[in-house]
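Note sheet for the following structure.
What follows draws every value from the coordinates through simple rules; no lab data is involved. Small disclaimer: the values here were computed from a predicted structure and weren't measured. Cβ: placed from backbone, ideal geometry, glycine included. Neighbour counts: every protein chain shown.
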Amino acid sequence: MKQETSEQLQLLTQAIIQGRVDESGPLAEKALASGRPPLEIIEKACLPAIEEVGRLWEAGEYFLPELIAGAEAMKAAMAILQAALKATGQTLQSAGRVVIGTVEGDIHDIGKNLVASMLRAASFEVIDLGADVKIDKFVEAAVEEKADLIALSALLTTTMLNQKKVIELLKSSGLRDRFRVMVGGAPVTEKYAREIGADGYGESAVQAVAVARSLVQIRR
Amino acid sequence: MAEAIRPQVRFLSQAAVEQIIEEAFELLEKVGLFVENEVALKLLDEAGEKIDQRRSRVFLSRNLVEKGLRSCPAEIKLYDLEGQQEYLVGQDEIHFDPGSAAIKLLDPERLEEREPRTDDLVRLYQLVETLENLDFQSTALVSADVPKEMADIYRLYLGFLFSRKPFVTGLFRVESLKPMLDLLLAIRGDEKSLAAKPLAIFDACPSPPLKWSRLTAESLIQCSRLGVPSELIPMGLTGATSPVTLAGTLVQQVAESFGGLVICQLARPGAPVIFGGSPASFDMRKGTTPMGAVETMMINGAFAQIAKHLHLPTHAYMGLSDSKLVDAQAGLETAMGATLAGLAGINVISGAGMLDFESTQSLEKLVIDNDICGQVLRLVRGVALREKPLALHLFQELGADFNFLVLPHTRKWYRQEHYFSSVLDRDVYDTWTALGRLDIFQRAGKEVSRRLNLYQRPERCREKEVELRSIMTAYARSCGLEKLPEIPGLSD
């Protein structure tokens, strides 16, 4: 029995790593049916799997389609496992609450969606405001959602200035210390992030997760 | 005498062309087109199209697209500032122009990108005016020393102050459209003359997938009503904003273009439209949009083949590079793209001077690209059969020393048969050393200076200056700018 269930965890891990979106949900159900507690399945099968996806990306073996498929397969499994967890009265420790969006004037949301998926896969609670998000909307949502982090995406050099404006609005409203701010997007650099007073910058969606983790840890 | 064959390249079989068009028709009928413009929606409604008003989605019927294709002209003639020189945009005629709307300029001294200013725009226009292989100008740089609200029209205004070549341009915000068209009207005198002799092409980019925004649809409608050619620029990114396969992206690109064409033809039947594009092979590792990728070029070439099948003028962003410096990568990507575009017979080829994913212009690269374009123009003229017999008679004229150099035949044909470059290195080693061992970037820098010294401001630019300035000044005021930046070179 024991042997069998650990094999089931293996299958689930592999399904997530290989981005088999249709299989990861049913495999999570099977693992539950064998009597394993949901928390154990998450910790032993899912979290190591998504970490491996990130590692394969960093190693240059995975490209964006594999990265997204991994995150989606993770999401499918987690939907089932979190429901089961809730039924037992437990909740998964959230890695943090993130309000994310593409800044005003910018309709590009590929990069933002990718970061949102990866953050969700890494147990963050993500509030996605979409694209072309007004400056004050970020601040409002962060307050309302009691967010730890605000994540600002921009693809255009013309709109990246709006990342700065969000930070300025936080300052002028006396809210700068309440939230950590991270920025990203094609034209954004580490130097620019420092200049506009952001707390963190990730060059890729995988790095964004690491940055988010460290920012939340500092905060806590 | 046998005619010269124009070298050509094809990317699709006839069956593939027809299949892509067929799927595009179905896509528009089944999924529809998103149109965020009230006037365009009204035109489509009046034409009897099925519209989901709540979602601004139009299910475009095949009949209407076919009708639009019938009323759209197969050729456009552009004219220079004086209305004298004529440029045919159609058939297999090719015209090069600088890649447009760069927000950065490569500083040749520091080898860093920086924001361009008024004097940079002036220098670029002056330089392009002297580049004999670029038939058109484009509003190639965005000047950072004026408010963003007027950055689009300001580029065109400066262009008309310094160049007689036709312009490829476009707008960033809807408010600029009228004053930009007013600049054209000021030059031509009235609407009738402008329609008879178009001076500028307006680019309009649908948002992938399948959407024409308020701004872009407005540009299509207003330009069409005035007979100003609209260049449709779909920009699918394979696997990101369009299907990952090249053929799949082509289906979407054709559908988006059909949508734009229909809006133009409803605004005014017979309105000039160019089927163009700026698609890219999306990089699945970096998340970037390489314009120098061979797949990007293949989409452009195949799309032009489809447009030609439909008897429409064509455009593409080709002959540009993603490199950050004017280096070997810049040369190879630019030459490969320009060559393929020429062989594909694309009518308007935008890209010269451009680096870094369509974001950075370089004057030095413009000069080098002028040589690339010159050689492509030579290439497509093919191997001409100049005389009959071709060579036999020469050997009777030649003396015992076989001295071809002295033949009148040589002097008669050498300039037409051979392209002469301005910056490529064709010196022997010792001469090259004696000239300072310069690489092509350094030689191009000298050539930029030489050409800027040769530049002469066209008389017509001088004549129109006051009228153009009053339009520009009025619009600048509405954008909160009381005084325009100092413009160098007006008194030259």
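Kyte-Doolittle mean at least -1.0 and Cα extent at least 20 Å along the axis: which DSSP H helices of chain B qualify? Display every interim value, and only then the final one.
On the way: long enough: B:14-30 (24 Å, 0.04); B:246-267 (32 Å, 1.20); B:294-309 (23 Å, 0.41); B:328-343 (22 Å, 0.79); B:363-381 (27 Å, 0.45); B:440-454 (21 Å, -0.55); B:459-478 (30 Å, -0.95).
Those that clear 20 Å and a mean of -1.0 are B:14-30, B:246-267, B:294-309, B:328-343, B:363-381, B:440-454, B:459-478.
With the cut-off at 22 Å, report for the stretch A:2-87 the share of all Cα pairs above it, as a whole percent.
Numbers: 730 of 3655 pairs.
In whole percent, the long-distance tail amounts to 20.
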**Item:** 3J(HN,Hα) from dihedral phi, the stretch A:43-59, Karplus parametrisation 6.51/-1.76/1.60, rounded to Hz, x for glycine, proline
**Value:** 6, 8, 10, 6, 4, x, 5, 5, 5, 5, 4, x, 5, 5, 5, 4, 7
**Message:** Using only the alpha-carbon atoms, how far is helix A:2-17 inclined from the longest principal axis of chain A? Give it as 0 to 90 degrees, nearest 10.
**Reply:** 30
**Given charges at Cβ of Lys, Arg, Asp, Glu: chain A dipole, positive-most of A:Leu9, A:Leu175, A:Phe124** = A:Leu175
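Inside 10 Å of the C-beta atoms of B:277-289, what's the mean count of C-beta atoms belonging to other chains? Kindly include the intermediate steps, with their values, before the conclusion.
Working: counts 0, 0, 0, 0, 0, 2, 2, 7, 7, 5, 10, 1, 2.
Average per residue, whole number: 3.
In what sequence, highest mean first, do B:340-346, A:113-119, B:421-427, A:93-99 appear when ranked by Cβ atoms within 10 angstrom? Each step should come with its number before you reach the end.
Numbers: B:340-346: 25.6, A:113-119: 23.4, B:421-427: 13.6, A:93-99: 18.9.
The most tightly packed comes first, giving B:340-346, A:113-119, A:93-99, B:421-427.
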**Message:** For the stretch B:1-68, what are Rg and Dmax over the alpha carbons, in angstrom?
**Reply:** 18.0, 64
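Please sort B:35-45, A:15-25 by packing, taking for each peptide the average over its residues of neighbouring beta carbons within 10 angstrom, highest first.
Working: B:35-45: 19.0, A:15-25: 20.9.
Per-residue mean Cβ counts within 10 Å order the peptides as A:15-25, B:35-45.
Work out, in µm²/s and without decimals, the Stokes-Einstein translational diffusion coefficient of chain A at 25 °C, 0.890 mPa s, Rh from Kirkwood over C-alpha pairs. Don't jump to the answer; show the numbers that get you there.
Working: Rh = 17.9 Å.
So the translational diffusion coefficient is about 137 µm²/s.
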**Prompt:** For the stretch A:190-200, in order, what is each residue's ³J(HN,Hα) by Karplus, 6.51 cos²θ - 1.76 cosθ + 1.60 with θ = phi - 60°, in whole Hz (x at glycine and Pro)?
**Reply:** 4, 4, 4, 4, 5, 4, 8, x, 6, 8, x
**Message:** Quick check for me: using +1 on Lys/Arg Cβ and -1 on Asp/Glu Cβ, what's the dipole size of the stretch A:96-219 about its Cα centre, in debye to the nearest 20?
**Reply:** 320
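How large is the convex hull of the Cα atoms of the protein assembly as shown per residue, expressed in Å³ as a whole number?
Numbers: hull volume 152.6 nm³, N = 712.
Once divided by residue count, the hull of the protein assembly as shown is 214 Å³.
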**Message:** Just checking the output field for A:59-72: average partner chain Cβ neighbours within 10 Å of each residue's Cβ?
**Reply:** 2
**Item:** Amide H partners (placed H, <5 Å) of A:Gly96, local residues excluded
**Value:** A:Glu125
**Asked** For B:Asp107, which sequence-distant residues (separation of 5 or more, or a different chain) have an amide H within less than 5 Å of its own amide H, given hydrogens modelled in the peptide plane?
**Response** B:Glu112, B:Glu113, B:Arg114
**Asked** Which of the listed residues, B:Thr169, B:Ala195, B:Leu158, is farthest toward the dipole's positive end in the stretch B:136-225, when Lys, Arg count +1 and Asp, Glu count -1 at the beta-carbon?
**Response** B:Ala195
**Request:** Provide the descending list of Cα extents for chain B along its principal axes, expressed in whole angstroms.
**Result:** 84, 59, 50
**Asked** Of B:Lys42/B:Lys308; A:Lys112/A:Lys164; B:Lys324/B:Lys446; A:Lys112/B:Lys178; A:Lys112/B:Lys30; B:Lys42/B:Lys165, which sit over 26 Å apart, Cα to Cα?
**Response** B:Lys42/B:Lys308; A:Lys112/B:Lys178; A:Lys112/B:Lys30; B:Lys42/B:Lys165
**Request:** As a check on your grasp of the helix formula, calculate [θ] at 222 nm for the protein assembly as shown: sum -39500 (n - 2.57) over DSSP H runs of n ≥ 4, divide by the residue count, round to the nearest 500.
**Result:** -15500 deg cm²/dmol
**Prompt:** Once phi is turned into θ = phi - 60°, what whole-Hz ³J(HN,Hα) does the Karplus curve with 6.51, -1.76 and 1.60 give for every residue of the stretch B:236-242, x standing for Gly and Pro?
**Reply:** x, 10, 4, x, 10, 10, 7
**Largest-first principal axis extents of the Cα set of the stretch A:96-219 (Å)** = 32, 30, 25
**Charge sum, other residues only, whose C-beta stays under 15 Å from B:Glu387's C-beta, Lys/Arg counted +1 and Asp/Glu -1** = +1
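Explain nothing, just the number: dipole magnitude of chain A about its Cα centre with +1 on each Lys and Arg Cβ and -1 on each Asp and Glu Cβ, in debye rounded to the nearest 20.
On the way: 25 positive and 30 negative charges, 137 e Å.
Using Cβ point charges on Lys, Arg, Asp and Glu, chain A gives about 660 debye.
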**Complete:** Residues meeting the amide H criterion for A:Ala151 (H placed from the backbone, H to H distance under 5 Å, 5 or more places apart or on another chain) are A:Val99, A:Ile100, A:Gly101, A:Met182
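Could you rank the peptides B:404-414, B:349-359, B:52-62, B:120-130 by their average count of other C-beta atoms within 10 Å per residue, with the highest value first? Could the numbers behind the result be given before it?
On the way: B:404-414: 11.5, B:349-359: 27.5, B:52-62: 15.9, B:120-130: 23.5.
Ranking the peptides B:404-414, B:349-359, B:52-62, B:120-130 by packing returns B:349-359, B:120-130, B:52-62, B:404-414.
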**Message:** Angle check, please: helix A:135-144 long axis (alpha carbons) against the longest principal axis of chain A (alpha carbons), in degrees 0 to 90, nearest 10.
**Reply:** 50
**Item:** Gap separating the Cα centres of the stretch B:324-365 and the stretch A:75-99, nearest whole Å
**Value:** 51
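How well do other chains shield peptide A:105-111, expressed as the mean number of their Cβ atoms within 10 Å of each residue Cβ?
The shielding value for this peptide is 2.
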**Prompt:** Of B:His418, B:Gly445, B:Gln137, which is farthest along the charge dipole of chain B in the positive direction, counting Lys and Arg as +1 and Asp and Glu as -1 at C-beta?
**Reply:** B:Gln137
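Report the charge-dipole magnitude of the stretch A:2-87 in Debye, nearest 20, computed about the Cα centre from +1 at each Lys and Arg Cβ and -1 at each Asp and Glu Cβ. Write out the running numbers ahead of the final one.
Working: 8 positive and 13 negative charges, 66 e Å.
My answer is approximately 320 debye.
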**19 Å Cα-Cα reach of A:Lys137 towards aspartates and glutamates, excluding residues that sit fewer than 8 places from it in its own chain** = A:Glu104, A:Asp106, A:Asp109, A:Glu125, A:Asp128, A:Glu145, A:Asp148, A:Glu168, A:Asp177
